[in-house]
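*Asks:* The structure's right below; bear with me while I get my questions together.
The values are calculated or read from the model by the stated rules, or taken from the named source; none is laboratory data. Not measured: the values here are computed from a predicted model. Cβ placement follows ideal geometry from the backbone for every residue including glycine, while neighbour counts extend to all protein chains displayed. For accessibility, only protein heavy atoms count, side chains too; no ligands or nucleic acids. Shrake-Rupley method; radii C 1.70, N 1.55, O 1.52, S 1.80 Å.
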Amino acid sequence: MDFNLDSYVRTSLLTLQPYQSAREEFVNQGRKMILLDANENPFETESNRYPDPLQVDLKERIAKWKRVPPDQLYLSNGSDEFISQLIMSCCEPKQDSILILPPTFGMYQVAARTHGVGVVEAPLTKDFQLDLSEISNVLTPQVKILFIPTPNNPTANSFEPEALLTLLNTFSGLVVIDEAYVEFSKEESFISQLEHYPNLVVCQTFSKAQGLAGARLGMAFAHPKLIQFLNRIKAPYNINSLTIAAALKRLEEQDRVLSQVDYILKERMKLETELPKISFIANCFPSDANFILVKVDNSALRYDQLIDQGIVVRNPSKNRGCENTLRITVGRAEENKALLTALKNMES
Ligand SMILES: Cc1ncc(COP(=O)(O)O)c(C=O)c1O
């Protein structure tokens, strides 16, 4: 697969001399070494030593799990960090832009604006599908990255794989398929397409189905040259040792993760049956994720009434096309039951 790194990343960063961390300066061939190189405290705590800057062991494990070569994997402090690093790496401030498809995940826009990068929008259709002709209308050579979360946040639906392939075939910049909710989805991951599309970047996270939101671990899968470049510009120890240990442990518990996903999907089905019966819920949009978007009569009022009853949902109404909606995460059975009781109390 042909990939010219120079045409994707900022020229000023191409020649950047990366910081060489202490732990990268020698190759440990399995010997026990006396470490006097990094000004650490020599007395043992769980994390008195700096972590592996390239997370070799964890990457090997994830690479096997996801069936990709380890050199196509990059780990970040949550997907949020990766989104920011990718924009910073590829877009010239005050010149380049990213393309987003509202209603969409809010961090793409925040990260772009933080780096002085423009944000071009091609809204989804009324039923939250990709509008391919609108996308091609707004594409210019300055648009460097297209961000597509699927399943989409906040709408919860997945996009048609054929439409995503059309975009990969027609857009010459990077296409980021953000699969934060892929474990809940009936669609296949796009990781298998990496060998066909050098401009494809897939990101996933340990924050959702994997149950490690507090540990902050994102995974990005892309062409090896892009991964090498990201490794050069990242902070030396962006993944801490407690997170590495938690992720390694979670990888041993995938049966448990699968049964939790199964449980959540069953709970989602129950909510999808019950929510439309609530008199002020006008629409319950189809979900392919672990949350449901519902249309209500007055989202601000209903949000406050739920808060009064001790239940926090999200009010994404300021997003284009999401007026008077609430986004509800599928919880445990007793939590979902409490939600339905609270909603019924609000009917009178
Ligand atoms: C589509 C999407 N991408 C990425 C993220 C962020 O994930 P992380 O917790 O790994 O930063 C979220 C979080 O809500 C999300 O909805």
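*Asks:* Short version: ³J(HN,Hα) in whole Hz for each residue of the range 54-68, in order, from phi by Karplus 6.51 cos²θ - 1.76 cosθ + 1.60 (θ = phi - 60°), x for Gly and Pro, what are they?
*Replies:* Values per residue, Gly and Pro as x: 10, 6, 4, 4, 5, 5, 4, 5, 5, 4, 5, 4, 8, 6, 10 Hz.
*Asks:* Same structure, new question: With all distinct Cα pairs included, what does the Kirkwood hydrodynamic radius of the range 278-337 come out to in Å, to one decimal, could you say?
*Replies:* 11.9 Å
*Asks:* Let me ask something else about it. Could you state the angle between the C-alpha long axis of helix 161-170 and the longest principal axis of the C-alpha atoms of the chain, as a value from 0 to 90 degrees rounded to the nearest 10?
*Replies:* 50 degrees
*Asks:* Can you pull a Stokes-Einstein diffusion coefficient for the range 166-257 at 25 °C (0.890 mPa s), Rh from Kirkwood over Cα pairs, as a whole number of µm²/s?
*Replies:* 167 µm²/s
*Asks:* Please give the solvent-accessible surface of Met88 in Å², to the nearest 10, using a probe radius of 1.4 Å with every protein chain present.
*Replies:* That residue has around 50 Å² of solvent-accessible surface.
*Asks:* Most mobile of Leu36, Leu258, Leu275 per a Gaussian network model of the chain (Cα springs, under 10 Å)?
*Replies:* Leu36
*Asks:* Still on this structure: Hey, any idea what % of the range 255-345's accessible area is carbon plus sulfur with a 1.4 Å probe?
*Replies:* C and S atoms contribute 53 percent here.
*Asks:* Just Glu46, Glu334, Glu121 to compare: in a GNM of the chain, with alpha carbon springs under 10 Å, which one fluctuates most?
*Replies:* Answer for the Gaussian network model of the chain: Glu46.
*Asks:* Under a straight-distance cross-link criterion of Cα-Cα below 21 Å, which lysines are reachable from Lys249, leaving out those fewer than 8 residues away in the same chain?
*Replies:* Lys59, Lys64, Lys66, Lys208
*Asks:* Where does helix 78-90 land angle-wise versus the long Cα axis of the chain, in degrees 0 to 90, nearest 10?
*Replies:* 60 degrees
*Asks:* Taking the dipole about the Cα centre of the chain, with the C-beta of Lys and Arg at +1 and of Asp and Glu at -1, give me whichever of Asn231, Asn137, Leu124 is farthest to the positive side.
*Replies:* Asn231
*Asks:* Among the GluC sites (Glu not before Pro) within the range 242-329, which fall in a DSSP loop and have no more than 13 other Cβ atoms within 10 Å of their own Cβ?
*Replies:* Glu252, Glu253, Glu323
*Asks:* A further question on this structure: Please list, in order along the range 211-224, the HN-Hα scalar couplings obtained from phi with the Karplus expression 6.51 cos²θ - 1.76 cosθ + 1.60 (θ = phi - 60°), rounded to whole Hz, x for Gly and Pro.
*Replies:* Here the 3J(HN,Hα) series is x, 10, 4, x, 7, 6, 9, x, 10, 10, 10, 7, 4, x Hz.
*Asks:* Give me a comma-separated list of calculated 3J(HN,Hα) values for the range 340-347, in order, Karplus coefficients 6.51, -1.76, 1.60 applied at θ = phi - 60°, integers in Hz, x for any Gly or Pro.
*Replies:* Each residue's phi maps through the Karplus curve to give 5, 4, 4, 5, 5, 4, 7, 6 Hz.
*Asks:* Once you have a ≥ b ≥ c as the square roots of the Cα gyration tensor eigenvalues for the range 112-208, tell me rounded if a/c is under 1.5, and otherwise prolate or oblate according to whether a/b is larger than b/c.
*Replies:* rounded
*Asks:* May I pose another question? Report P(r) for the range 1-160: all Cα-Cα distances, bin width 5 Å, range 0 to the bin holding the largest distance, values in whole percent.
*Replies:* 1, 7, 12, 14, 16, 15, 12, 8, 6, 4, 3, 1, 0
*Asks:* Charges only on Cβ, +1 for Lys and Arg, -1 for Asp and Glu: so what's the dipole of the range 1-76 about the Cα centre, in debye to the nearest 20?
*Replies:* 300 debye
*Asks:* By how many nm would the segment from Leu248 to Arg232 lengthen if fully extended, with 0.36 nm per residue of separation less the alpha-carbon distance?
*Replies:* Fully extending the segment from Leu248 to Arg232 adds 3.4 nm.
*Asks:* Work out, step by step, the length gained on full extension between Glu46 and Asp304: first 0.36 nm times the residue separation, then minus their alpha carbon distance; give nm to one decimal.
*Replies:* Between Glu46 and Asp304, full extension yields 88.6 nm more.
*Asks:* Amide H of Val143 versus every other amide H placed in the peptide plane: which residues, excluding those fewer than 5 positions away on the same chain, fall under 5 Å?
*Replies:* Ser97
*Asks:* Additional query: Show me the trypsin sites (Lys or Arg not before Pro) within the range 55-124 that DSSP assigns to loop and that have at most 12 other Cβ atoms within 10 Å of their Cβ.
*Replies:* Arg67, Lys94
*Asks:* As a test of the formula, what do you get for the chain when each DSSP H run with n ≥ 4 contributes -39,500 (n - 2.57) and the sum is divided by the residue count, at 222 nm and rounded to the nearest 500 deg cm²/dmol?
*Replies:* -10000 deg cm²/dmol
*Asks:* Right, next: How much accessible surface does Glu335 have with a 1.4 Å probe, in Å² rounded to 10?
*Replies:* Around 90 Å² of this residue is reachable by solvent.
*Asks:* Compare Tyr19, Tyr303, Tyr181 in a GNM of the chain, Cα atoms joined below 10 Å, and give the one with the largest fluctuation.
*Replies:* Between Tyr19, Tyr303, Tyr181, it is Tyr19 that shows the largest mean-square fluctuation.
*Asks:* Kirkwood-based Rg over Rh for the chain (C-alpha set), two decimals?
*Replies:* Rg/Rh: 1.00.
*Asks:* Search the structure for amide H atoms under 5 Å from the amide H of Cys284, placed 1.01 Å from N in the peptide plane, and list their residues when 5 or more places away or on another chain.
*Replies:* Placed amide hydrogens put Lys295 under 5 Å from Cys284.
*Asks:* Restricting to Cα pairs below 8 Å that are 6+ residues apart, what does the relative contact order work out to for the chain? Please round to a whole percent.
*Replies:* Worked out over the chain, it gives 17 percent.
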